[in-house]
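Trainee: Let me give you the structure first, and then I'll get to my questions.
The values are calculated or read from the model by the stated rules, or taken from the named source; none is laboratory data. Keep in mind that this is a model prediction, so the values were computed, not measured. Reconstructed Cβ throughout: ideal geometry from the backbone, glycine too, with neighbour counts over all protein chains shown. Side chains included, ligands, DNA and RNA excluded: accessible areas come from the protein's heavy atoms. Shrake-Rupley method; radii C 1.70, N 1.55, O 1.52, S 1.80 Å.
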Amino acid sequence: MKVTQEKLPASQVGLEIEIPPEMSKQAYEKTLQEFTRAANIPGFRKGKVPRQVLVQRFGSSRLKAAAIEELIENSLKQAIEQEKIEALGNFQLRSSFEELVSQFEPGSALVFSAVVDVPPEVTLSQYKGLQVKAEEVTYASERVDEVLENYRNQSATLVPVDGRAAQTGDVAVVDFKGRLTGEEVEAESAEIPGGSAEDFQIELVEGKFIAGFVDGIIGMSLEETKDVSVTFPDDYPQQDLAGKAAVFTITLKELKEKELPELDDDFAQDVSDFETLTEWRESLESRFKQEAEQKTKANKEQALLDELVKHIEVEIPETLTKQEVDYMITQTAMQLSNQGLDVKRLMTKEVIPQLRERSRPDAIARIQRTLALGEVAKRESIKVEEAEVVAKVDEILEQYADQTQDIDMDRLRQSVEDDLLREKILSWLEENATVELVPEGSLTPPETLESDADADTLEAAQTALESDAEASDEQSEEIAASGSPTTVDTTAEVVTDEAEVEEAATNTDSAAEDEGSAGKTGKASKAKSK
């Protein structure tokens, strides 16, 4: 089989393939046999239909087209293997299929042209001696005090108050009823849907309700009723209320103040895994110091990558871009699912094209970063030794000793190898570059390697879902940001919100990483599910 190659733009290779006469005859005969075996023609047993009847029944063009389809597919596979071409994705036929059918004669040579995507050629004009600036994130000791104080607040005991007015920080139990005001509001439509509650508990700190509501309660006495004027914010979720003025009639029924526990060893034992307050403090200090170091490291890596891709020249094949877009949309679907959203309802045929379009620029940027890193590794012979992979895999398996049955070992090994290689490349870049650390906030906040891309895709998906939800149930929003009304009893109670406490204690931003189908640099932990 004769194959002629032609280098084309956009990382494509054109192939002109000449199929010899014997191959074309064999393919046509095979097609006739398959049609004969499958044909169900009255008056003839299956497999016993004469050739002329078969041609008359199905038509010569249809039989030739089926033979040519098989010839093209098989000969392309053979040509790619013969010429040792690293093809990406499926081929594109350049010849007119209709003309091939009209020209085809079994037992005669057949010539057709196709094009395949191939890995792009990467040119890096510079990768050594890069000069960049990166923000240095420093450890702030006051964060430890903030977390401890947050735990105290969340573990506070609520004690009934009598004999004084409500003040900031108290917890109030109120009845309220809201109505819209203004000359354009008719009396029958003034009452706000969902804008009333009884025995509603609210902490008197700003942000727990629409602006002005909490301020109106502060200074009230028990059993006092008061009208409080407010204005709904312009970006309020319920569009029919956004920007409108309202009055809430509020009755203060109960008032409680927080009694904070002592910050001592006993408290540390109650709310943490530590025996002493000192141990707890030291653990938090270590965590936040490590977090600051990781953020600084991520900033340096991002700065190096941003500079590196400025020096890359590459034509990215469409196949790679499509694969990366598919990967990003898959990751978005997983994030939405993890948030408890209905992915099937969200990922509709109308939404997915929008996601693809929005994801495309970020997909191309991610591929550029991956290809640039790969080129550095190629030029500098940076690689990962098998012993390093084994050691890291064993470390991960030890962490998930009780879940090993859920781990895809092949995927885990590949992810570990990709991570280790990426770390080595970035370390090499840093060692061969000049990185100037500057104070945090002095530069434009660096974009993460992938989170901004995923965030854009996620935002588009969530927007589509939110629009759908609003259209189906515009009145489902609550006026209170803190939730639905709840009945409380008057005895002392403990305030606990483990989610908020844990969020405050573990609020860390991990170092950004390049992940995707084009460049395998994903987190090893992602191999947990088969």
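Trainee: Between Ile218 and Glu191, what is the spin-label point distance in nm, taking each point 7 Å from the Cα along the Cα→C-beta axis?
Mentor: Computed distance between label sites Ile218 and Glu191 equals 3.2 nm.
Trainee: Going by amide H atoms built from the backbone, whose H comes under 5 Å of the H on Glu136, apart from near neighbours?
Mentor: Val438, Glu440
Trainee: Still on this model: Run the accessible area of the range 1-107 with a 1.4 Å probe and give the carbon-and-sulfur part as a rounded percent.
Mentor: Carbon and sulfur together cover 46 percent of it.
Trainee: Suppose R0 equals 51 Å. What FRET efficiency, 1/(1 + (r/R0)^6) with r the Cβ-Cβ distance, do Lys297 and Arg51 give to the nearest 0.05?
Mentor: 0.10
Trainee: Here's another thing I want to ask about it. Would you mind checking which residues have amide H under 5 Å from Val111's amide H? H placed 1.01 Å from N; only 5 or more apart, or other chain.
Mentor: Amide H neighbours of Val111, under 5 Å, 5+ apart: Ile19.
Trainee: Want the number for Glu285 to Gln103: 0.36 nm per residue separation, take away the alpha-carbon distance, what's left?
Mentor: Once the chain is fully extended between Glu285 and Gln103, it gains 57.7 nm.
Trainee: Follow-up question, since we're still on this one. Greater than 24 Å separation of Cα atoms is the criterion. Which listed pairs, Lys128/Lys322; Lys30/Lys77; Lys2/Lys25; Lys208/Lys344; Lys64/Lys84; Lys208/Lys244, meet it?
Mentor: Where the Cα-Cα span goes over 24 Å, the pairs concerned are Lys128/Lys322; Lys208/Lys344; Lys64/Lys84.
Trainee: Using amide H atoms built 1.01 Å from N in the peptide plane, name the residues 5+ places from Val161, or on other chains, whose amide H lies under 5 Å from its own.
Mentor: The list, which skips near neighbours in sequence, is Leu255, Lys256, Glu257.
Trainee: Moving on to the next point. Excluding residues on the same chain fewer than 8 positions from Lys295, give the lysines whose Cα lies under 20 Å from its Cα.
Mentor: Partners found: Lys133, Lys424, Lys523.
Trainee: When a/c reaches 1.5 or more, the comparison of a/b and b/c decides; with that in mind, is the range 201-328 rounded, prolate or oblate per its Cα gyration tensor?
Mentor: Cα axes put the range 201-328 in the oblate bin.
Trainee: Cα centroids of the range 82-148 and the range 264-322: how far apart, whole angstrom?
Mentor: Each part reduced to its Cα centre gives a spacing of 30 Å.
Trainee: What part of the accessible area of the range 308-395, given as a whole %, is carbon or sulfur when the probe is 1.4 angstrom?
Mentor: 50 percent
Trainee: Please list Leu255, Leu371 from largest to smallest accessible area, probe radius 1.4 Å, with all protein chains kept in place.
Mentor: Leu371, Leu255
Trainee: Sorted by packing (mean other beta-carbon atoms within 10 Å per residue), highest first, where do 44-57, 343-356 land?
Mentor: 343-356, 44-57
Trainee: Here's something else I'd like to know. Which whole-angstrom value gives the distance between the alpha carbon centres of the range 150-180 and the range 323-398?
Mentor: Centre-to-centre distance over Cα atoms comes out at 47 Å.
Trainee: Relative to the present Cα-Cα distance, how much length would full extension add between Asp408 and Asp199 at 0.36 nm per residue of separation?
Mentor: Full extension of this stretch gives 70.0 nm more.
Trainee: Given R₀ = 45 Å, what would the calculated FRET efficiency be for Leu397 paired with Leu8, taking r from the Cβ atoms and rounding to 0.05?
Mentor: After rounding, the FRET efficiency stands at 0.45.
Trainee: Given a 1.4 Å probe and the protein chains all in place, what does the accessible area of Ser155 round to, in Å² to the nearest 10?
Mentor: We get 30 Å² for Ser155.
Trainee: Using packing as a proxy for protection, rank 96-102, 396-402 so that the peptide with the highest average count of other Cβ atoms within 10 Å comes first.
Mentor: The peptides rank, most packed first, as 96-102, 396-402.
Trainee: Sorted by packing (mean other beta-carbon atoms within 10 Å per residue), highest first, where do 407-419, 3-15 land?
Mentor: Listed from highest to lowest mean packing, they are 407-419, 3-15.
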